[in-house]
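The values are calculated or read from the model by the stated rules, or taken from the named source; none is laboratory data. All values reported here derive from a predicted model rather than from experimental measurement. A quick note on method: Cβ atoms are made from the backbone with ideal geometry, for glycine too, and the neighbour counts reach across all protein chains shown. For the accessible areas, the whole protein counts, side chains as well, though only heavy atoms, and no ligand, DNA or RNA atoms are used. Shrake-Rupley method; radii C 1.70, N 1.55, O 1.52, S 1.80 Å.
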Amino acid sequence: MTQSSARKFDAARAGEYASQSRIALAGYDACHELSACMLSAALGEGKPARVLVVGAGGTAGEIITAARLEPAWSFVAVDPSPPMLDLARAHLDAAGIPDRVQTVLGTVREIDSSASFDAAIMIGVLHHLPEDEAKQEILAQIAARLRPGAPLVIAGNYRPYASQPLLMAAWAARWRMNGAMPDEVQSKMNKILHGAQPPQSEEAVISLLGQAGFVAPLRFFASLFWGAWLARRASTAT
């Protein structure tokens, strides 16, 4: 996530993030659980691994879930939003795993480019980045810090929101299901329509991954506009 994108995640938004994100994404916890399971399956059960987590602020759900599944993993968590990173640190403390997680305020560029990570996770970031150039940049920065063949789990919204009115209506219904009044629902929908720029399609996500040096993307989770994939950094072996 860029510094400009991080400005959306101020103290007010951080305070409501845990509850709001679980309404906005049906299957929020399932996505995080499956992400951990996919990485474990890709890396091998019980093996030590150093995992880069990009856009880690908020619930720290991807870290906590993965840490419980794989006790030998350690994490470097980066996020440019101070309130969101503070929230993540609080959740990590409550989960009793702060010693296994290094937190970094900033962007992926703040992480030593010579560092070799065994895996990476980026959940809920890509659709907040403007235009393909910024999306391509962050994926390339992640790829540069991964070992050849290392897995990346990436998850976020794809498809332009206005292109799928039925999915938007279902999304609005989910807010109603969770007690939102009509004015609040309309406000949520307006914020969604104007607050992010998802990739144009699943094919666009795969293209972005390929241009950044990732291969063999496999989608393992979907929910309305949301998708999650596992891809691997291309091997440099001849």
Applying the selection to region 137-162, what residues are open to solvent by less than 30 Å² (accessible area, probe 1.4 Å), farther than 17 Å from S207 by Cα and modelled with pLDDT of 95 or more? R145, L146, G149, A150
Looking only at residues in region 187-205 that are without any contact (Cβ under 8 Å) to a residue 24 or more places away in the chain and out of contact with any helix residue (DSSP H, G or I) (no Cβ under 8 Å at 6 or more places or on another chain), which one is surrounded by the most Cβ atoms within 10 Å (Cβ to Cβ)? S187
Right, L208: modelled with pLDDT of 95 or more, in contact with a strand residue (DSSP E or B) (Cβ under 9 Å, 6 or more places away or on another chain), part of a helix (DSSP H, G or I) and not charged (D, E, K, R) or not? yes
Pairs under 9 Å by beta carbon, first residue free of Cβ contacts under 8 Å to residues at least 60 places away in the same chain in region 163-179, partner surrounded by fewer than 12 Cβ atoms within 10 Å (Cβ to Cβ), six or more apart or different chains? M168/A162; R176/P182
Out of (1) assigned to a helix (DSSP H, G or I); (2) closer than 16 Å to V125 by Cβ, the odd one out for I23 is which? (2)
When (1) assigned to a loop (DSSP other than H, G, I, E, B); (2) over 15 Å from W226 (Cα atoms); (3) open to solvent by 50 Å² or more (accessible area, probe 1.4 Å); (4) modelled with pLDDT of 90 or more are applied to R176, the one that fails is (1)
In region 95-136, residue most open to solvent (accessible area, probe 1.4 Å) [restricted to those that are closer than 16 Å to V78 by Cα and basic (K, R)]: R109
Among the residues of region 34-48, count how many are open to solvent by less than 10 Å² (accessible area, probe 1.4 Å) and either among the hydrophobic types (A, V, I, L, M, F, W, C) or within 14 Å of A150 (Cβ to Cβ) (or both). 2
